[in-house]
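One structure is given below, encoded as structure tokens.
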Amino acid sequence: MGYENATRSLTKVIEMKNITKKFGDFVANDSVNLDIFKGKVHALLGENGAGKSTLMNILYGLYSPTSGEILINGKKVNITNPNIAIDHGIGMVHQHFMLITPFTVAQNIILGREPTSKMSVLNMKKALMDVKEISERYGLYVDPNAKVEDISVGMQQRVEILKALYRGAEILILDEPTAVLTPQEIVELIQIIKNLTKEGKSIILISHKLKEITEAADFCLIIRRGKHIDTVVVSETDEAGLASKMVGREVSFSVAKEDKEAGDEIFSIKDLVVKDNRGIIAVDKLNLSLKKGEIFGLAGIDGNGQTELLEAITGLRKVESGQIMINGKDITNNTPFQVISKKISHIPEDRQKRGLVLDFDISENTILENYYKNPFARKGILQYKNIKVYAKELINKFDVRPKDEAKMARTLSGGNQQKVIIAREVSNNPDLLIAAQPTRGLDVGAIEFVHKSLIEQRDNDKAVFLISFELDEIMNVSDRIAVIYEGKIVGIEDAKDAKIETLGLMMAGGGNK
Amino acid sequence: MIDTILSNIALIIGTTLMYSTPLIYTSLGGVLSENSGVINIGLEGMMIIGAFAGAAIGYFVGDPWIAFIGAGIVGGLFGLLHAFACVTFGANQVVSGIAINFLGAGIALFLSRMLFEGATMTKSIALDNKMPRPLNGVFHDGSFLNIIFNNQYATVYLAFIMVFLIWFFMYKTKYGLRLRSVGEHPTAADTLGINVIKIRYLAVIMSGVFSGFGGAAMSLAIVSNFRPTLVSGHGFIALAAMIFGKWKPQGALLACLLFGGAQGLAVFLGQFDFEISSQLISMLPYVITIVVLIGFVGKSAAPSADGIPYEREQKN
């Protein structure tokens, strides 16, 4: 039918025409056009750094466009700050929640538009009533008196949506809304989106996840490196079609890997007990073992002890009791330095906090674990010439972009930051590679690369321990799958026999016998 | 016997109130600035310039209230300077604060030499032109209440009123909510249309005003002139009190009373003939400051964005 025909009878609420935004020499948006229709969900698809968020920040008045114009209900508007956007009925739910965590839910919702009695004194009674009223109208249930720091991420997102609705938003921008949600919360969010469009609200859904776009969106604008590529009707295309438009080439979804017989046991954990920051037991008498030449996937919902388990293995957290062994050597309560020297490598969960020194350049980041060794240092003096040569080699081998070893890690895109980490860790030639959430926030192209690297390790007869909250990823990549629930392994299955329903049930604690 | 103990207690309470007062004003200034997300280590310098302005205006004009307000205005100008460096230019807030401390002390001394014939000390204000003592002679001579309140200056009572007003402002009004939101998460506040820059400017300027009041509460009430050693670290003690009070006005008040009490105790003990040298006793408030900061303060209480300059159009 085509986009033109599909949209002919719809009411245009927003038109963004030829929007260009430059940051210095860098063109973040290059003549992008976007139309939003009443009661419809319009997705914005593009890789990380393609310029999706920039475009939305322009619509929301956080950035001003270098050129181009915006029309709301047919009238040209000049949105120079968020207040003007809010006045025009535009609301935004940011990728990183914009919530004041020590404040209550109600305080967060009313902030900036506070109901007051005389003399600017807050009228919290009215605030609570207002919040209750809109949360009931849209089926977004929250406890208005709870502090935001005490509620779940899914709840926090509801607070963000309520914030926008409280301000009378007719058009709601959702920036990567599912990035932080559990599978169950994603289902709920898609239902919320449907409720909202039924009420006549328009939704702009920024995402690089194809699945949720095909599930939730009516139309989809695809941007690549700031350029407008195409606008399509979602029902007339599929995930593969969207993906190739986004990346600019064909992408394979299924991970190609050959069957492989796993070797001897190389790594084992016995009766491990680890406490979390609050002193509560997070890993509870956990047992598992890994063999050479297998990818062992650990599935589970965030907060079931994965972080503590990882930190205990890598020497970042104290083990209360139990034993961790690699190659027959006990590494329980070893320091990170000792753990690394026992040939364990680690792709950390938080690449910006623990994976890289953001204010070091690429070359310095590649030698963080080996800086004291020949040829990177001689008699305690760093040999920058050799470090550079080494970094160049890794950059080429792992296709890090830009190909400049003097670039600060901070300036790289998420995918390229991850490539630097993988390059460093894999080059240590580990016996065990631990990969925690290795594709979080990455786009399809980068995900493909990460998965390939993990499988390459396995094919070289190394053990790979993959921890992920994305069940799809675990099922695609792993040879064996374990499920962690409340600090215990509640089931282990061969990936070939594993079913998503059983795993999902175990993740929610239902399979616990 | 009991009478002596009671009157001694009254004496300690009285001196505690007297010495706490300048700290209370100044730490309220710290509360305002830091809750907006700007660290103000320059409280000391703002307090010094306020003490000088109070003493100088008090001497030349003769009206303690004009002098007090003048001290606030001069302190506010220093606050403006700090805001200019930290908010507009995103300068390192600690460095700017240190500069303010040198500047406050330096300018005070310079102006004192200029206005008072080369003296580092301002001329004393006539007793009648000092702050009034509202409860002077109200209670029976020698009674418990009389010992406490007879010699307390108006600045003491005003300080307590200010604590209540600032508390009410911060937790009960919409502008207080906005102030705290800016100190916790300025980007979030910005996306809701709250003017981060304006709020930080106002908060830092008011922090200077209150520090100026704090200085004047010394030079117009506790003593009657300015000299370079007058403030000597009270700005830092006020800063410590604000931290110990977990960045809250009511907490800062209690902490100031503790530090003031230590000073009061030091003064009280100083009148006896102890084997301990008086220098050691006068160290008491400073020692307590260090002990308290080491022992009781968790970082978690600080506003999340305290000390971080806010910039909007940043890429990554």
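For segment A:13-61, which residues satisfy the criterion of being away from every other protein chain (no Cβ under 14 Å), surrounded by fewer than 19 Cβ atoms within 10 Å (Cβ to Cβ) and not acidic (D, E)?
Listed by number, the residues that qualify are A:K17, A:N18, A:T20, A:S31, A:N33, A:F37, A:K38, A:G39.
Just checking: which of the helices (runs of 4 or more DSSP H) contained wholly in segment B:172-267 hold 2 or more residues that are in contact (Cβ under 8 Å) with a residue 60 or more places away in the chain and more than 30 Å from A:G61 (Cα to Cα)? Talk me through it step by step, then tell me what you get.
Details: elements: B:174-184, B:186-191, B:196-217, B:234-244.
In segment B:172-267, the matching helices (runs of 4 or more DSSP H) lie at B:196-217, B:234-244.
Among the residues of segment A:374-395, what is the count of those that are over 21 Å from A:P438 (Cβ atoms) and either in a loop (DSSP other than H, G, I, E, B) or under 26 Å from the mean Cα position of the chain (by Cα) (or both)?
6
The conditions are (1) within 28 Å of A:I455 (Cβ to Cβ); (2) assigned to a loop (DSSP other than H, G, I, E, B), and A:K245 fails exactly one of them. Which is it?
(2)
Of the conditions (1) among the polar types (S, T, N, Q); (2) under 29 Å from the mean Cα position of the chain (by Cα); (3) part of a strand (DSSP E or B), A:N48 clears all except one; give me its number.
Of (1) among the polar types (S, T, N, Q); (2) under 29 Å from the mean Cα position of the chain (by Cα); (3) part of a strand (DSSP E or B), only one is false for A:N48: (3).
If you check B:I276, B:I308, B:I288, B:I281, which single one turns out to be away from chain A (no Cβ under 14 Å) and in contact (Cβ under 8 Å) with a residue 40 or more places away in the chain?
So the residue among B:I276, B:I308, B:I288, B:I281 that is away from chain A (no Cβ under 14 Å) and in contact (Cβ under 8 Å) with a residue 40 or more places away in the chain is B:I308.
Which numbered condition trips up A:K163, out of (1) buried (at least 22 other Cβ atoms within 10 Å of the Cβ); (2) more than 8 Å from chain B (Cβ to nearest Cβ)?
So the condition that A:K163 fails would be (2).
Output the qualifying pairs, or none if there are none: Cβ atoms under 7 angstrom, residues six or more apart or on different chains, first residue in segment A:140-152 and under 14 Å from A:Q107 (Cα atoms), second residue loosely packed, with under 12 Cβ neighbours inside 10 Å and modelled with pLDDT of 90 or more.
none
Among the residues that make up segment A:251-261, is at least one of them among the hydroxyl-bearing types (S, T, Y) and not assigned by TED's automatic domain parsing to the domain that holds A:V389?
Taking every residue of segment A:251-261 in turn, at least one turns out to be among the hydroxyl-bearing types (S, T, Y) and not assigned by TED's automatic domain parsing to the domain that holds A:V389.
Output the residues belonging to segment A:62-108 that are over 25 Å from A:G200 (Cα atoms), in a strand (DSSP E or B) and within 12 Å of chain B (Cβ to nearest Cβ).
Selection gives A:T104 alone.
Which of the residues belonging to segment A:307-317 are at negative phi and in a loop (DSSP other than H, G, I, E, B)?
A:T314, A:L316, A:R317
Picking from A:L140, A:L111, which residue would you name as being of a type outside the set (G, A, S) and within 14 Å of another protein chain (Cβ to nearest Cβ)? Steps first, please.
Numbers: A:L140 fails: within 14 Å of another protein chain (Cβ to nearest Cβ).
Just one listed residue meets the conditions, A:L111.
If you scan segment A:43-68, which residues turn out to be closer than 17 Å to A:I171 by Cβ, in contact (Cβ under 8 Å) with a residue 24 or more places away in the chain and not small (G, A, S)?
First, the residues of segment A:43-68 that are closer than 17 Å to A:I171 by Cβ: A:43-44, A:52-53, A:55-62.
Still in the running and in contact (Cβ under 8 Å) with a residue 24 or more places away in the chain: A:43-44, A:52-53, A:55-56, A:58-61.
Within segment A:43-68, A:L44, A:K52, A:L55, A:M56, A:I58, A:L59, A:Y60 qualify.
When you look at A:Y371, is it part of a helix (DSSP H, G or I), of a type in the set (F, W, Y) and more than 21 Å from the chain's Cα centre (by Cα), yes or no?
Numbers: part of a helix (DSSP H, G or I): no; of a type in the set (F, W, Y): yes; more than 21 Å from the chain's Cα centre (by Cα): yes.
Criteria not met by A:Y371.
Any residue in segment A:443-450 that is surrounded by 17 or more Cβ atoms within 10 Å (Cβ to Cβ), under 24 Å from A:E250 (Cβ atoms) and in contact with an Asp or Glu (Cβ under 6 Å, 6 or more places away or on another chain)?
yes
Restricting to segment B:171-183, and then to whatever is buried (at least 21 other Cβ atoms within 10 Å of the Cβ) and more than 20 Å from A:L162 (Cα to Cα), can you tell me which residue is nearest to the other protein chains (Cβ to nearest Cβ)?
Across segment B:171-183, the extreme among qualifying residues is B:R180.
Check A:G168, A:G91 and return the single one that is in contact (Cβ under 8 Å) with a residue 12 or more places away in the chain and surrounded by fewer than 21 Cβ atoms within 10 Å (Cβ to Cβ). Don't jump to the end; show me each part of the working.
Details: A:G91 fails: surrounded by fewer than 21 Cβ atoms within 10 Å (Cβ to Cβ).
Of A:G168, A:G91, the one residue that is in contact (Cβ under 8 Å) with a residue 12 or more places away in the chain and surrounded by fewer than 21 Cβ atoms within 10 Å (Cβ to Cβ) is A:G168.
Considering each of A:N334, A:N287, A:N304 in turn, give the residue that is assigned to a strand (DSSP E or B) and either buried (at least 16 other Cβ atoms within 10 Å of the Cβ) or more than 26 Å from the chain's Cα centre (by Cα) (or both).
A:N287
In segment A:337-392, what count of residues is obtained for those that are free of Cβ contacts under 8 Å to residues at least 40 places away in the same chain, crowded, with 21+ Cβ neighbours inside 10 Å and of a type in the set (S, T, Y)?
The number of residues fulfilling the criteria is 0.
The values are calculated or read from the model by the stated rules, or taken from the named source; none is laboratory data. Since the structure is predicted, the reported quantities are computational estimates derived from the model, not experimental observations. With ideal geometry, Cβ positions are generated from the backbone for all residues, glycine too; neighbour counts draw on all protein chains shown.
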